[in-house]
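Derivation of every value follows stated rules applied to the coordinates shown; laboratory data play no part. All of these numbers come straight from a predicted model, not from anything done at the bench. Note that each Cβ is placed from the backbone with ideal geometry, even for glycine, and that neighbours are counted across all protein chains shown.
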């Protein structure tokens, strides 16, 4: 079941998905918009090259875990945070609160932008959130999987 909670300055959106590969809490995936006639529209897929129509229209989300559940097998149901604060897998160190984080093509993680906040080539940079903590691995961030293109 999805939730849409809003009020004041907070916004949170979670949706259901089905793991296309073994996934872990904090992994970033997209809902696969290329659904077949018999598909239910829940399948996930890895972040693509960020410069084709599938990757431009797909919503991105962060795999949420729970107490005692942090990995998910292929075909298992997952809950994805599309928008809101969550733990996201960061590589190439985010420097801390206020730094943009960007999707990484063909990976299930994000990286710090090193201060880049806009780049015209959507194939290389798609800002998807703001870091709240510094470092690599699971870090707190505001994630927006419905971002627009540069």
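Miscellaneous remarks
- Contour minus Cα-Cα distance for residue 133 and residue 74 (0.36 nm per residue): 18.2 nm
- In terms of packing, defined here as the mean over residues of other Cβ atoms within 10 angstrom, the peptides 67-76, 26-35 line up highest first as 26-35, 67-76.
- Nearest-0.05 FRET efficiency for residue 57 and residue 85, computed from C-beta distance (R0 25 Å): 0.50
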